[in-house]
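Structure, as structure tokens:
The values are calculated or read from the model by the stated rules, or taken from the named source; none is laboratory data. None of the values given here were measured: they were computed from a predicted structure. Note that each Cβ is placed from the backbone with ideal geometry, even for glycine, and that neighbours are counted across all protein chains shown. For the accessible areas, the whole protein counts, side chains as well, though only heavy atoms, and no ligand, DNA or RNA atoms are used. Shrake-Rupley method; radii C 1.70, N 1.55, O 1.52, S 1.80 Å.
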Amino acid sequence: MTTPTGYDFSSVHAAMQRYVDGDILAGVSSAVLVGQDLVDIHCAGWADKENQIPMRADHIFRVYSNSKLITSCAVLLLWEEGRFELDEPVERFIPQLGKRLVLKPGATELNDVEPAEGSITIRHLLTHQSGLSYGLLDPGTLIYKAYSARKLLSPNTTLAEKMDALVDLPLLFHPGKGWEYSFATDVLTHLIEVVSGQRFDAFIQARILGPLGMVDTGLVIPPENQHRLATFYMGADLTKPMLPGLTRNDNAPFPQANLKPFPWQSGGGGLVSTLPDTLALLRSLMPGGPALLKPDTIAMMMRNQLPDQRWIKFPRFGELPGKGFGMGGAVTLAPLPFDPPESIDEFQWGGLGGTHWWISPRHNMAGVLMTQRHMAFWHPFSFEFKQGVYQAVLKGR
């Protein structure tokens, strides 16, 4: 239930309906928190367009990289217990990541390398400064081909096997000397298993999902709930996000994903979740909530960890000036034209399948936006949603 307020979100709702009517999104599920109060919840369109199943707040979404926030919280829980230091070399726990080599600038072969100037630390992994890549967003490159050949994103290999596959792969840059969105969070997933002695899904169930009542979040959807999984869609043209047209894809990210157990314990992109579960997680990171982490840890998590004047940069999207990176999400240091002007210090991230979350510590508010459209990471609909929410909340105060 929402808390009665004077906020007017009608323009936000109308904007999301416009994306549905324009055949850009099949369906949208969204919510807004002001402090711990749920001040808006809204669903538009279809969870399954072909079968005319309306979107509901309890529909389950493939959250892809929204998984990273849960994994980062899990790492920080272990850090608070003194199980390791953030600036400790990760090779002490995962020996395969020791003695790294780095591609030389302009390298055309994997053996065109030099010794790394230092070790990969746990902080580097949390902030994507490790030098690892993803083999996902940069098709055709040397490192993309190498990651693909070793099947680092395959659901059919274990995390331990993936660590073995990294042994002879060079880094893109010296640890701590750059930023590259990467496989690092899956390395952290294995770190959690090594340090805790539990499988990743068991650890997060015991320490995060269970305590917060996140009953629909996990790697596998129980058979009795599989009918609630929202359908995944592909846009008409990856390079033209506002071009109408959607194609159903029942094999994302792979056939039977999240419907039956796989070796894929991916804390980087393997979880499913719902709008209420995501709200529960965000509440735990805002003042007055059922906090799992200490206030100082949460503040550190949301603070930019990159050196001055280093912005995050995606192979496909280019450099994003004004965006630093914390532990599990980006940090807005200077709003871009598509950001709300008041969004300085905002902590946010999204998933490849069109799920987004953000927390504004300055304004003590948060937003969640859930869709299922391929490569809808920081899509225009997410910016319009956020701009409308900021306007409604700040005007209503």
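Annotations
- As a fraction of the 1.4 Å probe accessible area of the chain, surface on carbon and sulfur atoms comes out at 53 percent.
- The chain: DSSP helices with Cα axial extent of at least 15 Å and average Kyte-Doolittle hydropathy no lower than 1.0: 67-80, 184-196
- 1.4 Å probe accessible area per residue over the chain, in Å²: 39 Å²
- Taking 0.36 nm per residue of separation and subtracting the Cα-Cα distance, full extension of the segment from Arg56 to Ala14 would add 13.4 nm.
- Gyration tensor (alpha-carbon) shape descriptor, region 304-397, a/c threshold 1.5: oblate
- Three-way shape label, region 222-275, alpha-carbon gyration tensor, a/c 1.5: prolate
- Sequence-distant residues sharing a close amide H with Thr121 (under 5 Å, placed H): Val90
- Gyration tensor verdict on region 349-397 (Cα atoms; rounded if a/c is under 1.5, prolate if a/b is larger than b/c, oblate otherwise): prolate
- Pairwise centroid distance, computed over Cα atoms, of region 353-383 with region 195-249, Å: 15 Å
- In the structure shown, the pairs Lys145/Lys177; Lys99/Lys177; Lys104/Lys145; Lys162/Lys323; Lys151/Lys323; Lys68/Lys323 are assessed against 20 Å; a Cα-Cα span above that value is assigned to Lys145/Lys177; Lys162/Lys323; Lys151/Lys323.
- 15 Å tail of the calculated P(r), region 162-261, as % of Cα pairs: 77 percent
- Modelled this way, with points 7 Å down the Cα-to-C-beta line, the labels at Glu80 and Ala202 are 2.3 nm from one another.
- The structure shown yields Rg/Rh (Cα atoms, Kirkwood Rh), and of the options [x] 0.95; [y] 1.12; [z] 0.98 that calculated value carries the label [x].
- Distance in nm between pseudo-label sites at Thr108 and Lys294 (7 Å out along the Cβ direction from Cα): 5.3 nm
- Contour excess over end-to-end distance, with Cα ends at Glu342 and Thr141 and 0.36 nm allotted per residue: 68.6 nm
- Gln256/Ser148 FRET efficiency (R0 30 Å; Cβ-Cβ; nearest 0.05): 0.90
- Extension gain for the segment Val194 to Asp37, taken as residue separation times 0.36 nm less the Cα-Cα distance, is 52.8 nm to one decimal.
- Distance between modelled label sites at Asp87 and Arg310, nm, 7 Å Cα→Cβ extension: 1.4 nm
- Here the calculated FRET efficiency for Glu117 and Glu319, from their Cβ-Cβ distance with R0 = 25 Å, stands at 0.60, rounded to the nearest 0.05.
- Residue (of Ala202, Thr141, Phe325) at the positive-pole extreme of the chain, dipole from beta-carbon charges: Thr141
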